[in-house]
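Engineer: First the structure, then my questions, so here it is.
The values are calculated or read from the model by the stated rules, or taken from the named source; none is laboratory data. Quick caveat, the model's predicted, so the values are computed rather than measured. Cβ atoms come from the backbone with ideal geometry, glycine included; neighbour counts cover every protein chain shown. Ligands, DNA and RNA are stripped out before the accessible areas are found, and what is left, the full protein with its side chains, is counted by its heavy atoms. Shrake-Rupley method; radii C 1.70, N 1.55, O 1.52, S 1.80 Å.
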There are 2 protein chains.
Amino acid sequence: MAVKLSPPENLLAVAGLQTASGSAGLYNTARDDLALFAIGDGAAVSASFTSNRFYAAPIAVAKEHIKRNNIRYLLINAGNANAGTGERGIEDAVNLCKTIAGQTDCDFDSVLPFSTGVIGEYLPVDKIIDTLPALVSGLSDNNWLGCAKAIMTTDTQAKGFSEQFEIDNHIITVTGIAKGSGMINPDMGTMLAFIATDANVDKAVLDKILQSCVRNTFNRICVDGDTSTNDACVLIATGKTSMHRMTDSDDHTYTLLEEKIRDLCLKLAQAIVRDAEGATKFITIQIKNARNEDECIKIADALSTSPLVKTAFYASDPNWGRILAAIGRSRIAGLDINNVCIYLNDICILENGVRAVGYTEGQGGSVMQEEEILLCVDLNRGGVSNEFWTCDLSHEYVTINAEYRT
Amino acid sequence: MAVKLSPPENLLAVAGLQTASGSAGLYNTARDDLALFAIGDGAAVSASFTSNRFYAAPIAVAKEHIKRNNIRYLLINAGNANAGTGERGIEDAVNLCKTIAGQTDCDFDSVLPFSTGVIGEYLPVDKIIDTLPALVSGLSDNNWLGCAKAIMTTDTQAKGFSEQFEIDNHIITVTGIAKGSGMINPDMGTMLAFIATDANVDKAVLDKILQSCVRNTFNRICVDGDTSTNDACVLIATGKTSMHRMTDSDDHTYTLLEEKIRDLCLKLAQAIVRDAEGATKFITIQIKNARNEDECIKIADALSTSPLVKTAFYASDPNWGRILAAIGRSRIAGLDINNVCIYLNDICILENGVRAVGYTEGQGGSVMQEEEILLCVDLNRGGVSNEFWTCDLSHEYVTINAEYRT
């Protein structure tokens, strides 16, 4: 079902990071559902978490542990979100951290736990603990692909990308994986994404890079307007390259590294939308000439959560009335319809608030037939422009989410 | 498809108001698509309009005309919203008002125009004008039923209710009709609803009654989170009863009249949700013990627009994880999950943030099988409670909205 998305064939190892995947039998089918990351000494780790107030137990634990700034392991399970599980959920997550600590000789709060899957069921801790020895002993320099598969839930394809580039004549590698297909909305710390580089970066600088990258990539995608209880994005800099250590954001290499990591985040974020539950269309929403970023976000949010706009895309129907109605309810103070222009790809359909002269339904309809569509809304009231990514709402989305637990 | 909703069999005439319906051929099928209300001398008329900034041409015209406070006719057409039609749309709406004025000897700005249907097409004014003489001559004391049918779009059933009650030994009648099935969200002046009473009320008092009634009824329903460009609710008090004239809200009869009109608005609002596009479930959302009304609205909005919550209801799946996730993203400052309880009808499923002791999926599942479900969220943090009404998201909704224009 994914829109122009292929699974990764090869992902590059990142020096200073080992990975393993395995199965604790959390699904009824034979598939991996556990991933373990082992992070070498001297690495910096940043994380961004969901803004949902009902965050899951592993998020609560990970938020505490990352304060210590000495993260050595990430443990991720699919199949169960450990959310809405109260005190017992916290104990279960801590218990997993302690078990890994015991088997690897690190402190239990050097382990970050992550869970994704069904909400409201207690985590089958025993099954996971039984699998941990094999997982720890199975750590290898490059099992990124196995991890990308192990963290999938309703995803139809594994998502991962690698980049290699030079900074000051040093070769730097960045590899990242992500999962996510539903319960995706920009207002968050995102779904699950794990990105690692061998660049040598101080924690404070890495935090800044992650925040900037998440804001412009993972926080700009929307499948259904629902925000997960378990979202997290982790960025690891192992520091194993021969490059100098980046200690502040004035460093002459900062911009290049940030740009490369943002590119990778963008690919992962777009991969989530391409593999969105039931999606048949990949839609880029471009908001142009707004007064500020907040206006862009509000309009993109209204468009990308509107069931009417999304079903029109599904039907390949250039129903610009629905687009206009969604923009109109997006609470932009003083927005004047008479200045608004709307484009589908390069076809102008609405010009200064009315149907463009010469525009025909046939033109709009032929753009709508494509799998990738650019919807551009020009507000003509300022100088700020932003892009967002979303998908359509199909019968398949309803089927997937009506049958998810049965 | 409507959930426990029957069409009205009989609607009571309201003294001082005449009604007519007819067909201008705005649909390809044989059906009425025009309604005309003629309001007698001395009546007061209040109206509430959509908050969508891209409001339609007839809304712009009606907002101007109602300032004159001498409204004599309402003209409503279905099949075309006259929205996104710029200056020409305004001229078309004014043109209709002028034609009616010419045929009835009133001022053109004593006529309020309303349109509902497809957005972005110019109104077929000539077809409507050709039908107006028959409509004017067809005015009769009670064609409420015909009007209720003529204003339908994707509605599967006409919606109308009448109430009769006594105030100070005078018999008062209230009759109202409404249309609406999609593009329905609480943040608005509502869909189209026309309510008339023969009570004798000053315009300022009537405005107050309408505002209060809309806030607690039409503004508390949600089908899909989309807000129409054409919504309006009109309340007419013809003053033809023998009751004294109500000139301020301290009048001893104010509360009773407001309550009766609110009851009728509530029935119409709930009828819209029962007949919502593709709906198979009618869901009452009760938010209890919030700190203020705004908290209730935010949580109800998150729940009633969540595709995941709505598809869970469609699947009769008591998936409280999705309910919890939607509450968690509703931006209530300082909300503590550990105080939240969730009930499906009288079954407690979440108690202080965790699954209720003794709760079984079977219990939740059997409530979910019902056509009418009460979802109660107790925040346990204040003394304010409110009710809202919504429906599920079904395959049929996608079908209806993917095929609406084809």
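Engineer: I'd like the distance between the alpha-carbon centres of segment A:45-100 and segment B:84-133, rounded to an integer number of Å.
Structural biologist: 62 Å
Engineer: Output the Kirkwood hydrodynamic radius of segment B:101-161, Cα pairs only, in Å rounded to one decimal.
Structural biologist: 13.9 Å
Engineer: Rounded to the nearest 0.05, what FRET efficiency do B:ASP346 and B:SER249 have when you use their Cβ-Cβ distance and R0 = 45 Å?
Structural biologist: The pair B:ASP346/B:SER249 has a calculated efficiency of 0.75.
Engineer: Report the FRET efficiency, 1/(1 + (r/R0)^6), for A:ASP41 and A:GLU372, where r is their Cβ-Cβ distance and R0 is 45 Å, rounded to 0.05.
Structural biologist: Here the calculated transfer efficiency is 0.55.
Engineer: Going through the DSSP H helices of chain B, which span 15 Å or more along their own axis at the Cα atoms while scoring at least -0.5 as a mean Kyte-Doolittle hydropathy?
Structural biologist: B:86-104, B:125-137, B:203-216, B:254-274, B:293-305
Engineer: While we're looking at this one, here's another question. Explain nothing, just the number: relative contact order of chain A, from Cα pairs under 8 Å at least 6 residues apart, as a whole percent.
Structural biologist: So the answer I get is 18 percent.
Engineer: Give the nm distances, rounded to one decimal, from B:VAL384 to the matching residue in every other copy, measuring between label points 7 Å along Cα toward the beta carbon; shortest first.
Structural biologist: Going from nearest to farthest copy, the values are 2.9 nm.
Engineer: Counting every Cα pair in chain A, what percent are over 35 Å apart?
Structural biologist: 29 percent
Engineer: Please compute the per residue accessible area over the protein assembly as shown with all protein chains in place, 1.4 Å probe, rounded to a whole number of Å².
Structural biologist: Result: 34 Å² per residue.
Engineer: List, shortest first and in nm to one decimal, how far the label point of B:ILE171 (7 Å from Cα along Cα→Cβ) is from its counterparts in the other copies.
Structural biologist: 9.4
Engineer: If you don't mind, another one. Nm distances between the label at B:ASP248 and the same-position labels in the remaining copies, 7 Å along Cα→Cβ, shortest first?
Structural biologist: 6.9
Engineer: Related question: Share of the protein assembly as shown's accessible area from carbon and sulfur, percent, 1.4 Å?
Structural biologist: Roughly 44 percent, rounded to a whole number.
Engineer: Also: How far apart, in nm, are two points set 7 Å out from the Cα along the Cα-to-Cβ line at A:SER212 and at B:ASP294?
Structural biologist: Calculated label separation equals 3.4 nm.
Engineer: Exposed loop GluC sites (Glu not before Pro) only (DSSP loop, at most 12 other Cβ atoms within 10 Å): please give the longest stretch of chain B free of them, not including the sites.
Structural biologist: Longest run free of exposed loop sites: B:10-370.
Engineer: Hey, another quick one. Rounded to the nearest 10 Å², what accessible area does A:PHE282 show when all protein chains are kept and the probe is 1.4 Å?
Structural biologist: Result for A:PHE282: roughly 10 Å² accessible.
Engineer: Report Rg/Rh for the protein assembly as shown, rounded to two decimals, where Rg is the Cα radius of gyration and Rh the Kirkwood radius.
Structural biologist: Radius of gyration over Kirkwood radius for the protein assembly as shown works out to 1.03.
Engineer: For B:ASN28 paired with B:ASN380, estimate the spin-label separation in nm (one decimal), with each label point 7 Å from Cα along the Cα-to-Cβ line.
Structural biologist: Taking the simple label geometry, B:ASN28 and B:ASN380 are separated by 5.7 nm.
Engineer: Would you mind giving the total buried accessible surface between chains B and A, with a 1.4 Å probe and ligands, DNA and RNA left out, rounded to the nearest 100 Å²?
Structural biologist: When B and A are taken together, about 4900 Å² of accessible area is lost.
Engineer: Ok, one more. Could you sort out which of B:LYS208/B:LYS281; A:LYS288/B:LYS179; A:LYS298/B:LYS203; A:LYS260/A:LYS288 sit more than 29 Å apart by Cα distance in this structure?
Structural biologist: B:LYS208/B:LYS281; A:LYS288/B:LYS179; A:LYS298/B:LYS203
Engineer: Using only the alpha-carbon atoms of segment B:278-318, report the extent along each of the three principal axes, biggest first, to the nearest angstrom.
Structural biologist: 33, 18, 15
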